[in-house]
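The values are calculated or read from the model by the stated rules, or taken from the named source; none is laboratory data. On a predicted model such as this, the values are computed, not experimentally measured, just so you know. Don't worry about glycine lacking a Cβ; one is built from the backbone with ideal geometry, like all the others, and counts go over all protein chains shown. Please note that ligands, DNA and RNA were not included when accessible areas were found on the heavy atoms of the full protein model with its side chains. Shrake-Rupley method; radii C 1.70, N 1.55, O 1.52, S 1.80 Å.
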Amino acid sequence: MLDDVVTDLDAAACRFPGLQALVDAGTPTPAPASRPRPRSAAAPDSPALSPQGPELNMRRLRALVAVAQCRSVNRAADRLHLTQSAVTRAVRALEAEWGVTLFERTPKAMVPTAFGERLVERASRSLGYLEAAERRLGSDGSKGLVGKVSQRHLQAVSTIADFQTETAAARQLGISQPAVNLALRDLEALLGVQLFVRNPKGMVPTLEGEVIIRGAKLVLSEMAAGVADLAAQLGQVRGRLTVGALPLTGAHIAPRAVMRLARQHPDLRLTVLEAPYDVLLKGLRCGDIDVLVGALHPRMPSDVEQEHLFDDQLSVVARAGHPLAARRTVALDELQACEWVLPFRRARARNMVEGAMLAAGLAVPEGALEASSVALVRSLLLESDCLSVLSHFQIEHERRQGLLQVLPVALPAARLPIGLMTRADAMQTEGLKALLQALRSLCGEHAAPRPRPPGSG
């Protein structure tokens with residue numbers, strides 16, 4: 001399975017500035033020739049779709065939603081102020097692009113098929129994201145963003161935001177830089193606002209740009225998930241999922257869960273990102289990331305849902321063989337004279353550590369070494385007599401190998417609530433459901449009481 005793990009640091013670093021690590025696991029593997037593929041009654045000859053889905057046409061999606069809601073092409077045409085033939089062509093074009101039948105035609109109504117209902121819901125959500133973005137810009141909808149925006153607009157602003165220059169965005173999209181510039185200028189003219197400003201580091205979104213970028217990313221993510229929905233109709237678990245691993249415990253849970261899931265569903269494309277909390281939360285809220293794993297936050301935006309799974313314990317940690325390691329008890333005042341290595345000062349993990357130390361009556365050392373990652377903290381501990389505060393999960397391997405040791409110092413208020421964070425309105429694919437279950441299962445194993453060794457009483 002380790003042979004299937006590949007690394008894509010450059011692309012991930014562009015999308016998530018400040019990224020510390022990325023593990024991209026579960027490279028898609030072709031199905032064996034001898035294994036028959038499940039066939040859909042509605043689409044026996046469904047074409048292979050790109051991970052992003054067919055070319056995005058918002059007018060067709062509006063027609064799709066209207067027909068599903070009205071159960072009639074005629075009534076949908078009246079609602080949209082279009083001709084009946086235009087609506088019919090839109091629905092047939094979508095069926096051809098997706099390679100499936102979206103409606104059962106009966107004398108009395110147009111009834112969505114199973115996949116049709118799923119695509120209608122995703123289309124409705126996509127239209128809603130654009131309408132919400134237009135409202136946030138202060139528009140009453142008269143600009144007609146939903147009716148005029150195209151895939152090239154959405155991809156241009158999304159990719160420029162990720163790669164910070166038009167040239168890099170063009171390279172990523174496989175088109176020319178003038179084409180990217182034209183799409184951006186066209187969208188800015190449509191909206192009547194500037195979406196990016198240029199500075200020495202590249203292109204930075206304006207406040208209006210942030211609104212449109214988030215809407216664009218959510219639409220693109222929603223329609224890409226439609227490809228996974230279609231695969232599920234054929235009995236396959238496919239798609240691309242990204243897990244954000246928060247500092248402390250999350251960075252150790254996520255890779256394990258991803259490896260388990262990659263073994264179960266080799267056609268899933270799985271990515272693990274470790275980055276600062278603010279970066280990962282922004283990625284989650286705009287659809288770039290599917291789930292965050294780690295310490296739960298006391299104040300979370302209303303569009304993010306948290307699920308508590310277990311409590312991890314923070315402890316004072318030192319290398320094996322440390323002068324204090326053999327002691328049965330260690331007084332707090334003895335720790336004041338020790339050297340310390342702690343998380344970087346602006347990191348949320350630092351706030352957690354300092355809070356635990358202060359609650360135990362232990363003053364935070366002024367001259368502590370600072371490290372930007374847990375891996376650096378562990379390395380510094382192994383090479384010195386420094387102390388640190390880490391969770392049990394973070395040093396599990398080092399404890400088993402006899403490299404690090406928990407000192408007998410009580411930190412009574414140092415329990416971390418660990419869990420999952422997802423978008424509250426997320427319409428989960430089968431792949432995401434399997435990923436969440438893998439994370440829950442792994443956390444349940446960690447939270448379960450460990451069996452006592454024989455004879456321990």
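What the table below lists for this structure:
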quantity: Hits in the range 287-329 - residues which are part of a strand (DSSP E or B) and either in contact with a helix residue (DSSP H, G or I) (Cβ under 6 Å, 6 or more places away or on another chain) or within 18 Å of Q437 (Cβ to Cβ) (or both); calculated: V291, L292, V293, G294, E305, Q306, E307, H308, L309, F310, L314, R319
quantity: Single unsatisfied condition, L248 versus (1) assigned to a helix (DSSP H, G or I); (2) at pLDDT below 90; (3) touching a strand residue (DSSP E or B) at 6+ places or on another chain (Cβ under 7 Å); calculated: (1)
quantity: Flag if L314 is closer than 25 Å to R378 by Cα and either within 13 Å of the chain's Cα centre (by Cα) or modelled with pLDDT of 90 or more (or both); calculated: no
quantity: Verdict on A232 being open to solvent by 20 Å² or more (accessible area, probe 1.4 Å), in contact with a helix residue (DSSP H, G or I) (Cβ under 8 Å, 6 or more places away or on another chain), touching a residue at least 40 places away in the same chain (Cβ under 8 Å) and more than 17 Å from L154 (Cβ to Cβ); calculated: yes
quantity: Residue that is farthest from L246 (Cα to Cα) [pool: residues in the range 364-377 that are among the small types (G, A, S) and not in a loop (DSSP other than H, G, I, E, B)]; calculated: A371
quantity: Test result for A232, in a helix (DSSP H, G or I) and touching a Lys or Arg at 6+ places or on another chain (Cβ under 9 Å); calculated: yes
quantity: Residues located in the range 238-254, provided they are farther than 19 Å from D311 by Cα and open to solvent by 40 Å² or more (accessible area, probe 1.4 Å); calculated: R238, R240
quantity: Single residue of the range 143-180 satisfying the filter (under 13 Å from L130 (Cα atoms) and of a type in the set (V, I, T)) that is modelled with the highest pLDDT; calculated: V149
quantity: Any hit, the range 212-223, residues being without any contact (Cβ under 8 Å) to a residue 12 or more places away in the chain and open to solvent by less than 70 Å² (accessible area, probe 1.4 Å); calculated: no
quantity: All positions within the range 178-207 that are open to solvent by 70 Å² or more (accessible area, probe 1.4 Å) and part of a helix (DSSP H, G or I); calculated: P178, L182, R185, A189, L207
quantity: R59 vs. criteria open to solvent by 60 Å² or more (accessible area, probe 1.4 Å) and either modelled with pLDDT of 95 or more or over 16 Å from L119 (Cα atoms) (or both); calculated: no
quantity: Failed criterion for A337 (all others in (1) farther than 25 Å from F310 by Cβ; (2) open to solvent by less than 50 Å² (accessible area, probe 1.4 Å); (3) of a type in the set (G, A, S) hold); calculated: (2)
quantity: Residue tally, condition within 27 Å of the chain's Cα centre (by Cα) and under 22 Å from R62 (Cβ atoms), over the range 186-212; calculated: 3
quantity: Residue list for the range 89-119, restricted to those being open to solvent by 20 Å² or more (accessible area, probe 1.4 Å), closer than 18 Å to P54 by Cα and among the β-branched types (V, I, T); calculated: T101
quantity: Those residues of the range 380-414 which are open to solvent by 60 Å² or more (accessible area, probe 1.4 Å) and assigned to a helix (DSSP H, G or I), in sequence order; calculated: L380, L382, H397, R399, R400
quantity: The listed residue being of a type in the set (A, V, I, L, M) and within 17 Å of G215 (Cα to Cα), out of L173, L127; calculated: L127
quantity: Residue list for the range 145-167, restricted to those being of a type in the set (A, V, I, L, M) and open to solvent by 20 Å² or more (accessible area, probe 1.4 Å); calculated: A161
quantity: Filter result (open to solvent by less than 40 Å² (accessible area, probe 1.4 Å) and not in a loop (DSSP other than H, G, I, E, B)) within the range 255-273; calculated: A257, V258, M259, L261, A262, L268, L270, T271, V272, L273
quantity: Pairs where the first residue, in the range 280-295, is farther than 18 Å from S158 by Cβ and the second is polar (S, T, N, Q), C-beta under 6 Å, 6+ apart; calculated: V291/T422; G294/T249
quantity: Members of the range 328-373 that are more than 27 Å from H297 (Cβ to Cβ) and not aliphatic (A, V, I, L, M); calculated: R328, T329, D333, E334, Q336, C338, E339, E366, G367
quantity: Subset of the range 330-363 [assigned to a helix (DSSP H, G or I), in contact (Cβ under 8 Å) with a residue 60 or more places away in the chain and under 28 Å from the mean Cα position of the chain (by Cα)]; calculated: R348, A349, M352
quantity: Any hit, the range 422-444, residues being part of a strand (DSSP E or B) and at pLDDT 80 or above; calculated: yes
